[in-house]
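Below is one structure, written out as structure tokens; the observations come after it.
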Amino acid sequence: MAVLLRGTPAVAAATAGPSSALLATTFRRARGGCGRLLPAALRLRRAFGARASAQPLEVCAKESITVPGRLGDCPFTQRVLLTIEEKHLPYDLKLVDLSNKPDWLFAINPEGKVPIVKVEDKWIADSDVITKALEEKYPEPPLATPADKASIGSKIFSTFIGFLKSKDPSDGTEQALLDELTSFDTYMKDNGPFINGGAVSTADLSLGPKLYHMEIALGHYKSWSVPDSLSHVKQYMKSIFSMDSFVKTRALQEDVIAGWRPKVMG
Ligand SMILES: N[C@@H](CCC(=O)N[C@@H](CS)C(=O)NCC(=O)O)C(=O)O
């Protein structure tokens, strides 16, 4: 089963709590600003961008397992949605029940995974490939992270999963995660507030959802949280998690918890 969500722009999601963000009314992103006065160059760029993307992008995404008709808990999908939101592009979400995958899903992605986005009449799978394609087709505002910084923080997700799945408190998985977070903390102290300095870029949009999953899953399953000594990591998470685009596209905590359960139990 799939649920197609189209709707009018809504500002409610930016201020609403986690349980009401991205419900079935809010999926077409407003273009341009919100009544703010923009510099001429930015107005032109946005006007051009809006023309280039008159048709909403179609995005296939995981459906919530706790609230039908709502966006689910896939960090790769959130990364893609954050990119689309930060580029001010309109989009329609097609929610897919991953526990009962429809045939059409395999027709557009034989792997049967989401996210999948239709760019120039072609379905593209995998968040890496999708975000690169979006950057090429919609270069404004530029979001690419320079190559020498693109892998900053990239081992945090795998070490988080290792620790989450671990049943032996002395197997070193917690320390492996702490080592990655400590190295990220040192980097952010010298280079922040974002990975590429002052402006958010693709590396942040990829890492942010993964840190969100880490916080919720480790908090729930291991009563663990990022140590206060890693203050730059904590500040970074706070900044990313409070971005309007993040609030609008984040998963419900219940979905994140339910989504990781098989890995914890397995
Ligand atoms: N490398 C892919 C991973 C996508 C992925 O694993 N998606 C999960 C949901 S978060 C999925 O569709 N799982 C369905 C399945 O594995 O059958 C990406 O970056 O887009």
Of everything in the stretch 125-151 that's more than 16 Å from the ligand (Cβ to nearest atom) and outside any loop (DSSP other than H, G, I, E, B), which residue is nearest to ASN191 (Cα to Cα)?
LYS149
Looking at LEU89, LEU105, which is the one that is more than 11 Å from the ligand (Cβ to nearest atom), farther than 25 Å from PHE160 by Cβ and at pLDDT 95 or above?
LEU89
If you go through the stretch 239-266 one residue at a time, how many are away from the ligand (no atom under 16 Å from the Cβ), surrounded by fewer than 19 Cβ atoms within 10 Å (Cβ to Cβ) and not in a helix (DSSP H, G or I)?
1
The correct count of residues that are acidic (Asp, Glu) and more than 12 Å from the ligand (Cβ to nearest atom) in the stretch 57-76 is 1
Six or more apart or on different chains, Cβ atoms under 7 Å: show the pairs whose first residue is in the stretch 105-119 and in a loop (DSSP other than H, G, I, E, B) and whose second is of a type in the set (S, T, N, Q) and within 7 Å of the ligand (Cβ to nearest atom).
VAL114/THR77; PRO115/THR77; PRO115/SER127
Hey, can you tell me all the residues within the stretch 158-184 that are part of a loop (DSSP other than H, G, I, E, B) and of a type outside the set (Gly, Ala, Ser)?
LYS167, ASP168, PRO169, ASP171
I'd like the full set of residues that are crowded, with 18+ Cβ neighbours inside 10 Å and within 12 Å of the ligand (Cβ to nearest atom), limited to the stretch 110-124.
LYS113, VAL114, PRO115, ILE116, VAL117, ILE124
Residue pairs, Cβ under 6 Å, 6 or more apart or interchain, first in the stretch 126-151 and closer than 16 Å to ASN109 by Cα, second among the aliphatic types (A, V, I, L, M) and modelled with pLDDT of 95 or more. List them.
SER127/VAL80; ILE130/VAL80; ILE130/VAL117; ILE130/ILE124
Evaluate the stretch 229-238: report whether one residue or more is in a helix (DSSP H, G or I), of a type outside the set (Asp, Glu) and over 20 Å from the mean Cα position of the chain (by Cα).
yes
What do you reckon, is ALA50 surrounded by 14 or more Cβ atoms within 10 Å (Cβ to Cβ), more than 19 Å from the chain's Cα centre (by Cα) and at pLDDT 50 or above?
no
Exactly one of (1) within 23 Å of ARG261 (Cβ to Cβ); (2) among the hydrophobic types (A, V, I, L, M, F, W, C); (3) part of a loop (DSSP other than H, G, I, E, B) is unmet by PHE76. Its number?
(3)
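Take the residues in the stretch 156-166 that are without any contact (Cβ under 8 Å) to a residue 40 or more places away in the chain and away from the ligand (no atom under 16 Å from the Cβ), then tell me which one is surrounded by the most Cβ atoms within 10 Å (Cβ to Cβ).
Checked the stretch 156-166; the qualifying residue surrounded by the most Cβ atoms within 10 Å (Cβ to Cβ) is THR159.
The values are calculated or read from the model by the stated rules, or taken from the named source; none is laboratory data. Here the structure is a predicted model, which is why all the values come from computation and not from measurement. Every residue, glycine among them, receives a Cβ derived from its backbone with ideal geometry; neighbour counts consider all protein chains shown.
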